[in-house]
Amino acid sequence: MINSKTSNMIVICLLTLCLIIIQDKNTAFSQSNFETKFDPIHIEATEGIEWLSDEQVYIARGEATAKQNNFELKSDVIKAHYRETQTSETEIYRLEAIRKVIVLSSNRIAYGDYGVYDLDNSVAVLTGKNLRLKTALETIRARKSLEYWDKKRLAIAKGNATAQRGEKQVRADTLTIYFSKTKDESLAASRIEAVGNVKISTPNEVAVGDEAVYYVEKELVTLLGHVKITRGKSQLNGSIAEVNLKTGRSRLLSKSGLDGNQKVRGLFTRDVKQPEKK
């Protein structure tokens, strides 16, 4: 005898799976809608969708895509992990993408070799080579990992991370980029927090330090720890610096408890033209 709970589970799983096979030039195309904690997610694949009930996972192979509202995940293989709810139903809670991973959300697109998307927290974590996140104005890169928190509107880039907008670049061991809406309703970086081996570069100057906070729209930077600002052949050293990238003005302060430096130092040079030989 099959009890009612088991019978309901079988019916739910069969209804959830509901694969539609479309034959097009000898290519099998599979698609299905799956329930999640929030909105349903639609998964497609050219080579089919496999159900492994013991492992509680669906596997979509071949140009696989998963869509939920304005979020879309693309990869060679997508594994959709599901769990049983308190009402004995099932819901997808995590997506795992393998090879040629692309994540699209509103006006942002991210690339990686491997990715995990946590549906409960709306966060995607990418790893692999050539990690990058592109918005309408910025390009963010990392070597170790790249996270994007959709609801919090922030990205975390780890491992020789860079954030580039136009001719201005921020580089550090770890970058946390906060996004806000622009006038045209797209998202752009509004604040960048940099930690570890910080380097901020513009066509006119280079500023380095242990940590930094960069207010992107105002073009204001606060640097902390072992600060060095270089413009041409001139250099300023201190513990704390406030730099206005728009006007080129810098203000250095000293704080011995921060990095041991008690003085602000500067080296200023000017080019001396040699007299022309007659």
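Could you tell me whether Tyr117 is under 25 Å from Ala157 (Cβ atoms), assigned to a strand (DSSP E or B) and outside the structural domain of Ile156 (by TED's automatic domain parsing)? In short, yes.
Taken residue by residue, region 82-91 has at least one member that is out of contact with any helix residue (DSSP H, G or I) (no Cβ under 9 Å at 6 or more places or on another chain), without any contact (Cβ under 8 Å) to a residue 60 or more places away in the chain, outside the structural domain of Val198 (by TED's automatic domain parsing) and not in a loop (DSSP other than H, G, I, E, B). Being at pLDDT below 95 and part of a strand (DSSP E or B) is a description that does not apply to Tyr111.
The set of residues in region 228-253 that are hydrophobic (A, V, I, L, M, F, W, C) and either free of Cβ contacts under 8 Å to residues at least 12 places away in the same chain or crowded, with 19+ Cβ neighbours inside 10 Å (or both) comprises Ile229, Leu236, Ile240, Ala241, Val243, Leu245, Leu252. Looking at the structure I just gave you, is Thr202 surrounded by fewer than 16 Cβ atoms within 10 Å (Cβ to Cβ), touching a strand residue (DSSP E or B) at 6+ places or on another chain (Cβ under 6 Å) and not aliphatic (A, V, I, L, M)? It is false that Thr202 is surrounded by fewer than 16 Cβ atoms within 10 Å (Cβ to Cβ), touching a strand residue (DSSP E or B) at 6+ places or on another chain (Cβ under 6 Å) and not aliphatic (A, V, I, L, M). From the list Ala194, Ala163, Ala155, Ala189, the one residue that fits, being in a strand (DSSP E or B), under 20 Å from Glu72 (Cβ atoms), within 15 Å of the chain's Cα centre (by Cα) and free of Cβ contacts under 8 Å to residues at least 60 places away in the same chain, is Ala155.
The values are calculated or read from the model by the stated rules, or taken from the named source; none is laboratory data. Bear in mind that the values here come from a model prediction, so they are computed numbers and not experimental data. Counting neighbours? That spans all protein chains shown, and the Cβs are built from the backbone with ideal geometry, glycine included.
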